[in-house]
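*Asks:* I'd like to ask some things about the structure below.
The values are calculated or read from the model by the stated rules, or taken from the named source; none is laboratory data. None of the values given here were measured: they were computed from a predicted structure. Glycine also receives a Cβ, built like all others from the backbone with ideal geometry; neighbour counts cover every protein chain displayed. Just so you know, the surface numbers come from the protein's heavy atoms only, side chains and all, with ligands and any DNA or RNA stripped out. Shrake-Rupley method; radii C 1.70, N 1.55, O 1.52, S 1.80 Å.
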Amino acid sequence: MTWFETFMNGFTLAQAWLFEHCVNPLLPPLGLLAYQEEAFDATEFALVGMGEIAFLVLFFRPLEALFPAERWSGRRGVRVDILYTLLHRLGFIPLVMFVLMWPLTFKLDAWLRFHGFIPYTLEDLIPALENRPLTTFFAYLVILDFFSYWLHRFQHRLEWWWALHGVHHSQQTMSYWSDDRTHLLDDVLTATCFSLLSLAIGVEPGQFILLMMIPRILQSLAHANIDWRFGPFERCLVSPHYHRYHHGMGTGSESGQLSCNFAVLFPIWDILFGTANFSRETPPTGIADQREGRDYGKGFWAQQRLGCQRLWSALTLGKA
């Protein structure tokens, strides 16, 4: 048995125990017994999220204290990002995305299969990957990261999308909690794109957990308030410094053609497409117009409301 199979078996047992003892007993009194299957899937999201959050607090919080990129007078500005992280990683927002998108994805998949299109897996296209789950995992990871790079560029290049993505960039006390700070409409758009991509390339369910967990932990590290570069590996994996420059006022945290460092995991995409900047400068994070008093909202609902207002302005006036 490989380490991957051992991990998956242990995770499945933990999910089954959590569902049987904590989730399933709540369904009958809530009148939700018909949704057992969906509840079991939600338990998977929650279990992954709990493990991630524990890892973030145990490892990244001490690193932020020891090697801060910026020193703050307090961490009050981080609180709203903790809420975003809990909503995302404990499964609340993914559950909403599932409810919104499942009918569309199901109907599309059924329509494609009815017309003779059966999604290929990587093993179908590259027989050498057969029975090599680790190699297949990294192949999927590279494909998804390449797609994420271009999606991220569009979030900055398209003014109407930047109107939503600005919620993510408006954090001026950026920490390991900040990765999930996103507008709900932005979540819908990106989730739709990734669902279609996963459907097209045939991502295996058994690969999904690690394809979700490992990138999210690495993205949390990239957002952490840690003054780290990766030395000779700086061009191999996105470091906290590299991504902080992307969030810097007047450096990367802009719309249009001014931004840089879009890579999510692997800087090679920035290098290949001319958007890499390996400056050693450590700028303050946020958006330049915040210096002029523009309000992006302090709380969750204010940020969602103002994002919708900017979106409307971008669609009607051409400027967020």
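*Asks:* For G248, which sequence-distant residues (separation of 5 or more, or a different chain) have an amide H within less than 5 Å of its own amide H, given hydrogens modelled in the peptide plane?
*Replies:* Excluding prolines and chain starts, which carry no amide H, the hits are S253.
*Asks:* Using a Förster radius of 35 Å, what is the FRET efficiency between L66 and F7 based on their Cβ-Cβ separation? Nearest 0.05, please.
*Replies:* Numbers: r = 30 Å, r/R0 = 0.85.
With R0 = 35 Å, the Cβ-Cβ based efficiency is 0.75.
*Asks:* Moving to a separate point now. For the stretch 114-193, with all protein chains present and a 1.4 Å probe, just round the carbon and sulfur fraction of the accessible area to a whole percent. Intermediate results must be reported in sequence, preceding the final value.
*Replies:* Numbers: 2400 of 3450 Å².
In the stretch 114-193, the share of accessible area belonging to carbon and sulfur is 69 percent.
*Asks:* Turning to a different aspect of this structure: If you add up the charges near M249, with Lys and Arg at +1 and Asp and Glu at -1, over every other residue whose beta carbon is less than 15 angstrom from its beta carbon, what do you get?
*Replies:* Working: positive: R244, R291, R294; negative: E70, E254, E281, D289, E292.
Neighbourhood net charge equals -2.
*Asks:* Taking the Cα centre as origin and putting +1 on Lys and Arg beta-carbons and -1 on Asp and Glu beta-carbons, what dipole magnitude results for the chain, to the nearest 20 debye?
*Replies:* Roughly 1040 debye for the chain.
*Asks:* If each residue of separation counts as 0.36 nm, what is the full-extension length gain between K319 and E292 once their alpha-carbon separation is subtracted?
*Replies:* Working it through step by step, the gained length comes to 8.1 nm.
*Asks:* Still on this model: For a test of the definition: using alpha carbon positions, the gyration tensor, and the 1.5 limit on a/c, classify the chain as rounded, prolate or oblate.
*Replies:* Rounded.
*Asks:* I would also like to ask the following. Compute the length gained on full extension between L26 and L196: take 0.36 nm times their separation in residues and subtract their Cα-Cα distance, giving the result in nm to one decimal.
*Replies:* 57.9 nm
*Asks:* Determine ³J(HN,Hα), in whole Hz, for all residues of the stretch 280-286 in sequence, where each value follows from phi through the Karplus function 6.51 cos²θ - 1.76 cosθ + 1.60 and θ = phi - 60°; x replaces Gly and Pro.
*Replies:* Ordered by residue, 3J(HN,Hα) equals 8, 5, 10, x, x, 8, x Hz.
*Asks:* Rounded, prolate or oblate: which fits the stretch 167-320, taking a ≥ b ≥ c as square roots of the Cα gyration tensor eigenvalues, rounded meaning a/c under 1.5, else prolate when a/b beats b/c?
*Replies:* Oblate is the answer for the stretch 167-320, as a/c is 1.5 or above yet b/c matches or exceeds a/b.
*Asks:* Show me the trypsin sites (Lys or Arg not before Pro) within the stretch 208-297 that DSSP assigns to loop and that have at most 14 other Cβ atoms within 10 Å of their Cβ. Numbers along the way, then the final one.
*Replies:* Details: sites: R216, R229, R235, R244, R280, R291, R294; in loops: R229, R235, R280, R291, R294.
Passing both the DSSP loop test and the Cβ count: R229, R280, R291, R294.
*Asks:* Now, a different point. Be a star and scan the stretch 299-320 for residues whose amide nitrogen sits under 20 Å from the point 7 Å along the Cα-to-Cβ vector of R157.
*Replies:* The answer is 314-315, 318-320.
*Asks:* Continuing with this model, one more query. Just grab the label-to-label distance for I214 and R229, each label 7 Å out from Cα along the Cβ direction, in nm (one decimal).
*Replies:* It works out to 2.7 nm between the two label points.
*Asks:* What accessible area per residue comes out for the chain, rounded to a whole number of Å², with a 1.4 Å probe?
*Replies:* Accessible area per residue: 52 Å².
*Asks:* Continuing with the same structure: Taking 35 Å as R0, compute the FRET efficiency from the Cβ-Cβ separation of R76 and Q309 and round it to 0.05.
*Replies:* Numbers: r = 25 Å, r/R0 = 0.70.
Efficiency computed from Cβ-Cβ geometry: 0.90.
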